[in-house]
1. What is the spin-label model distance, in nm, from residue 5 to residue 118 if the labels are put 7 Å beyond Cα along the C-beta direction?
2. Once Rh is set to the Kirkwood radius over Cα pairs, what Stokes-Einstein translational diffusion coefficient, in µm²/s, holds for region 286-361 at a temperature of 37 °C and a viscosity of 0.692 mPa s?
3. By counting other Cβ atoms within 10 Å of each Cβ, how are 169, 162 ranked from fewest to most?
4. If all Cα-Cα distances of region 73-162 are sorted into 10 Å bins from 0 onward, what percent lands in each bin, rounded to whole numbers?
5. Using a Debye calculation, one point per C-alpha and no hydration shell, please list log10 I(q)/I(0) for region 117-240 at q = 0.17 Å⁻¹ in order.
6. Build a GNM of the chain with springs between Cα atoms under 10 Å: which of 82, 245, 167 gets the top mean-square fluctuation?
7. Roughly how many Å is it from the Cα centre of region 308-324 to that of region 81-148, as a whole number?
8. Sort the following peptides by mean Cβ neighbour count (other Cβ atoms within 10 Å, averaged over residues), highest first: 361-371, 3-13, 92-102.
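Only the coordinates and a few stated rules stand behind these numbers; no lab work does. Because the structure is a prediction, the values reported are computed rather than measured. Don't worry about glycine lacking a Cβ; one is built from the backbone with ideal geometry, like all the others, and counts go over all protein chains shown.
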Ligand SMILES: NC(=O)c1ccc[n+]([C@@H]2O[C@H](COP(=O)([O-])OP(=O)(O)OC[C@H]3O[C@@H](n4cnc5c(N)ncnc54)[C@H](OP(=O)(O)O)[C@@H]3O)[C@@H](O)[C@H]2O)c1
């Protein structure tokens with residue numbers, strides 16, 4: 001028997017909604033339909049609905065959640081609103097794909113995790129880098145034990161998005177609406193990648209920087225103060241005994257490497273070998289594994305195996321899609337598959353809360369200039 005399509009609503013009609021979530025849902029149009037959108041400004045929601053062929057527009061997110069036609073929601077407003085909307089969506093018994101960070105503090109993210117557990121719906125966090133083929137390959141190699149005892153972790157995420165002081169103030173520059181600056185924004189992804197590959201983090205210590213203290217007011221009223229930091233470094237001790245570092249900066253020039261703004265890399269070093277993943281090479285790893293290679297410091301390029309080139313069951317052709325974007329569209333493949341009971345391989349609200357626990361710990365460590373146990 002043919003199954004009914006999952007009816008999805010989207011809250012927030014900004015950059016990530018148009019770049020990732022709608023293309024991703026359209027990719028899955030065999031099994032879902034997007035029935036409603038809500039944004040802050042109705043004209044924006046109407047324009048978005050027109051562009052993507054969405055039949056219903058709601059003036060506010062509460063209206064969308066009250067819509068009985070909507071079974072599942074994608075939540076992507078500015079981060080300061082995410083937890084409030086997610087809390088209401090859990091109460092309304094919707095399946096949820098929620099943008100990161102799940103909350104601005106661990107307490108609210110943990111409350112959401114527990115509410116989601118009680119509710120029994122699919123509650124996923126959009127930790128998009130879990131879908132990069134090379135990162136999934138690294139996860140497989142870690143799981144197979146090729147690195148021996150994993151001793152050292154290094155993550156970099158560098159970009160120039162906030163380099164220009166003439167870039168107008170956006171919600172990302174405001175702690176009330178964005179939380180812990182680059183640490184909450186790009187850092188929550190990096191923390192999730194670390195947990196995905198190596199497991200939980202036990203303790204942290206770090207430092208942060210804010211370079212541009214005022215930015216032009218987008219409403220045209222001169223300059224307004226900025227308080228969300230653009231740089232953060234932190235050291236971490238993992239529960240499994242590994243140690244490592246995280247380098248996060250969104251105001252540095254020259255790093256990117258593909259004509260795209262984001263440079264992201266992970267290094268894993270162990271007693272049996274090492275690997276380097278770079279987002280600019282989403283279909284390969286650099287590896288040095290086993291005595292034959294490591295004794296003489298040999299490195300090789302290892303192509304991602306065919307079965308990992310896309311998420312299982314994804315209708316994409318990974319060789320045709322934009323390599324820096326296509327993997328993100330597999331998020332909805334996982335979300336909808338989970339609703340249909342076909343997969344449990346996705347980042348959950350537990351992962352969202354655990355990432356936020358680390359963010360809060362780093363914030364305390366930075367403020368008090370000490371190590372913090374988690
Ligand atoms: N997973 C990833 O890789 C990734 C990447 C980028 C962003 N994100 C996350 O996605 C979220 C959105 O980021 P973005 O870059 O798309 O931001 P954005 O371009 O500023 O879009 C935010 C959208 O939310 C709408 N909005 C604001 N207040 C609202 C309200 N009260 N009710 C409903 N909608 C409201 C805005 O509408 P108006 O224009 O009318 O104000 C806008 O359409 C953030 O949490 C961010 O961290 C994740």
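1. 3.5
2. Approximately 210 µm²/s, per Stokes-Einstein.
3. Ranked by crowding around the Cβ, least crowded first: 169, 162.
4. Each 10 Å bin holds this share of Cα pairs: 14, 35, 27, 22, 2.
5. -0.98
6. Largest GNM mean-square fluctuation: 167.
7. One Cα centre to the other: 22 Å.
8. 92-102, 3-13, 361-371
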